[in-house]
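Peer 1: There's a structure below that I have some questions on.
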Amino acid sequence: MYKIQEDELVVKALKNNPLGDPYIRKIITVENMVKESTPVLIGLPGFFGSGNSFLNRSYTSTDFIDVITKLQDEFGFIIVLPDTMTKFGGNQFVDSSAIGDYETYITRDLLKYIKSKYGDRDIFLFGKSSGGFGSISLALGHPELYKGFIDISGDSYFPYCYMPDFSTAYMETRESGIDEFINTYRKSLTHTQNQITAYNVIAMAGFYSPDRTGIKLPFSDETGELIPEIWERWLKFDPVNRLKDEMEHLMGKKIILQTGNHDEFRINIGMNIIHHTLEKNSINHTYKEYSAGHFNTNYFYLDSFPEILMNYK
């Protein structure tokens, strides 16, 4: 039977972070039939979630606990689930002057913790949505650290997955301004879907286009018109674009891409572009589309986890 433990980590990268978020973070580990060769899988949560979100139970669909319960008799694994929550409700796992150095947290502080606890082991990343984005992003940026990753519907092809929400964000913030909207949102007990959408766009701007004075939205707060130079800053983070210059970083990695072909945020289009780009450049990978949307897709891991773990039995 797998064992779940909790620990605390002093994250140096998050000390004095701009939002005043905690720098002492909970780290959840899930161990099962651990051997000397057992790899470590780091789980990065989707937006509006954190490490403990992986352990949430569902009574309408397969949840993450169901997945590891089904796999525990056949495979050994070490799963590490870090707390990455921010005042914006989630994370994109990049260093930001407006939010904090979460890329450094995962690539430096968390890896030091893992090495001190488990020694030198092969390390993989996995996640859905923002967690999928973080997985491919960190693998591209730090190929020497990771053996591979699982990207389930990770944010990609930003013109399709983000830009459709800009008009909603503009309409929600044009009268109050960003700062007042943020303050009101954080004080409110409930939020409309449009408010959540706007807050998410602002959060993405905090990661992709931070400024010394705070956050720069990729559109004019007066007219809603796109600001090309700021939008270009966003596009530099898009995995579809990063592959053009960083393709070689994925050579020899274990790459698993999974997506629902009815994704509500059109992310399946970006995932398909990534798949075709890797295929054209002879980068070995697994790609699978499911008849599913963006949510309730934990069962995808029943295909992807064994593909990694079978090599360590």
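Peer 1: Averaging sequence separations of C-alpha pairs under 8 Å and six or more residues apart, then dividing by the length of region 161-234, give the relative contact order as a whole percent.
Peer 2: 30 percent
Peer 1: When Lys and Arg each count +1 and Asp and Glu each count -1, what net charge do the other residues less than 13 Å away from PRO159, Cβ to Cβ, add up to?
Peer 2: -3
Peer 1: So what's the net charge close to SER176: Lys and Arg +1, Asp and Glu -1, counting the other residues with Cβ under 15 Å from its Cβ?
Peer 2: Counting the neighbours of SER176, the net charge comes to -3.
Peer 1: Within the chain, what's the longest stretch lacking GluC sites (Glu not before Pro) that sit in DSSP loops with no more than 15 other Cβ atoms inside 10 Å?
Peer 2: Working: sites that count: GLU36, GLU74, GLU144, GLU175, GLU222, GLU225, GLU264.
The longest uninterrupted stretch comes out as 75-143.
Peer 1: Restricting to the chain, what percent of DSSP beta bridges are antiparallel, rounded to 5?
Peer 2: Numbers: 19 of 42 bridges.
Bridges in the chain are about 45 percent antiparallel.
Peer 1: Among the lysines, which fall within straight-line cross-link reach of LYS26, defined as a Cα-Cα distance under 19 Å, with same-chain neighbours fewer than 8 residues apart omitted?
Peer 2: Correct list for LYS26: LYS3, LYS12, LYS15, LYS87, LYS112, LYS115, LYS117.
Peer 1: Tally Lys/Arg at +1 and Asp/Glu at -1 over every other residue whose Cβ is under 12 Å from the Cβ of GLY89; what's the total?
Peer 2: Neighbourhood net charge equals +1.
Peer 1: Report, in deg cm²/dmol and to the nearest 500, the calculated mean residue ellipticity at 222 nm for the chain, where each DSSP H run with n ≥ 4 adds -39500 (n - 2.57) and the sum is divided by the residue count. Display every interim value, and only then the final one.
Peer 2: Details: 11 runs with 106 residues, N = 313.
My calculation for the chain gives -10000 deg cm²/dmol from helical runs alone.
Peer 1: Can you bin the chain into rounded, prolate or oblate? Criterion: square roots of the alpha carbon gyration tensor eigenvalues sorted a ≥ b ≥ c, rounded for a/c under 1.5, prolate for a/b above b/c, oblate for the rest.
Peer 2: In terms of gyration-tensor shape, prolate.
Peer 1: Arranged by the count of other C-beta atoms within 10 angstrom, fewest first, what order do ARG186, ARG233, ARG57 take?
Peer 2: Neighbour counts put them in this order, fewest first: ARG57, ARG186, ARG233.
Peer 1: Using a simple charge model, +1 on the beta-carbon of Lys and Arg, -1 on the beta-carbon of Asp and Glu, nothing else, what dipole does region 161-234 show about its Cα centre, in debye to the nearest 20?
Peer 2: Charge dipole, region 161-234, about its Cα centre: 300 debye, nearest 20.
Each value in this text was obtained by applying a stated rule to the coordinates, not by laboratory testing. These figures come from a predicted structure and were not determined experimentally. Counting neighbours? That spans all protein chains shown, and the Cβs are built from the backbone with ideal geometry, glycine included.
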